[in-house]
Amino acid sequence: AGTYTFRLTANDGEFTVFDDVVLSFNTAPVVNAGADQTLTVANTTLTGVVTDDGVPGPVSTSWSLVSGPGTATFGTPNAPSTTVSFSAIGTYVLRLTASDGQLSTADDVQVVVNAAKHIGDLDRNVILLGTLPWSTTVTIRVENALHGPVANATVTGTWSGGGGGHK
């Protein structure tokens, strides 16, 4: 890739003449959208890499959503590295495209947003009553990263208090 000048020269023994021709060879940008990711949160950083030969001029980049169960919102959609947040759990395919004004190339990255499973804080009022040992019935709602309920989730274990805070 690059710009080359070729010169044709002719000489008849008495006179020399020449003519130049300038040729530019352009290669498409090279794009890497980064490694596939699996998340339990609804946002991440995408680290794309774009290289180009500089012909015919500066390269431009853009991120787009190819497929997914919801929307993907990019922090800086025209930068190779950006943040992205997702509206729903599921599998997303995101595309980084680069163009030098003549040629373009794209690469895809897959991001899987899983439901995060966690148990929130339990009501501390029972412990503060000062009755030890104690017992209680607790209803636990298991939520995904977007705070929606996780269907058919099973929670097992014990919860007990010995004073001084949560256990």
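The values are calculated or read from the model by the stated rules, or taken from the named source; none is laboratory data. Note that the coordinates shown come from a computational prediction; the quantities given were computed from them, not determined experimentally. When we count neighbours, we look across all protein chains shown, and the Cβ atoms used for this are built from the backbone with ideal geometry, even at glycine. Ligands, DNA and RNA are stripped out before the accessible areas are found, and what is left, the full protein with its side chains, is counted by its heavy atoms. Shrake-Rupley method; radii C 1.70, N 1.55, O 1.52, S 1.80 Å.
In this structure the stretch 1-116 gives 57 Å² per residue of accessible area when probed at 1.4 Å with all protein chains present. Were the residues from VAL55 through ILE140 laid out at 0.36 nm apart, the gain over their Cα-Cα distance would be 24.6 nm. Inter-part distance, the stretch 49-103 to the stretch 1-35, computed on C-alpha centroids, equals 33 Å.
The accessible area of THR154, taken with all protein chains in place and a 1.4 Å probe, comes to roughly 120 Å². Counting 0.36 nm for each residue step from TYR4 to SER85 and taking away their Cα separation leaves a gain of 24.6 nm. Computed 3J(HN,Hα) for the stretch 9-23, one whole-Hz value per residue from the Karplus formula 6.51 cos²θ - 1.76 cosθ + 1.60 where θ = phi - 60°, is 10, 10, 9, 9, x, 10, 10, 10, 10, 8, 9, 9, 10, 10, 10, glycine and proline marked x.
Each residue of the stretch 88-97 was assigned a 3J(HN,Hα) from its phi angle through the Karplus expression (A = 6.51, B = -1.76, C = 1.60, θ = phi - 60°), giving 8, 6, x, 9, 10, 10, 10, 10, 9, 10 Hz with x at Gly and Pro.
Solvent-accessible surface (1.4 Å probe) assigned to SER85 amounts to roughly 50 Å².
A Förster radius of 41 Å, combined with the Cβ-Cβ distance separating ALA151 from ASP108, puts the computed FRET efficiency at roughly 0.85. Backbone N atoms of the stretch 140-159 closer than 16 Å to the 7 Å Cα→Cβ label point of LEU65 belong to residues 146. Between ASN78 and LEU23, the FRET efficiency from the beta-carbon distance, with R0 = 25 Å, is close to 0.20. For the stretch 38-81, the spread of Cα coordinates along the three principal axes comes to 41, 16, 16 Å, biggest extent given first. Residues whose amide H lies under 5 Å from that of SER67, counting only those 5 or more places away or on a different chain, are VAL93; hydrogens are built 1.01 Å from N in the peptide plane.
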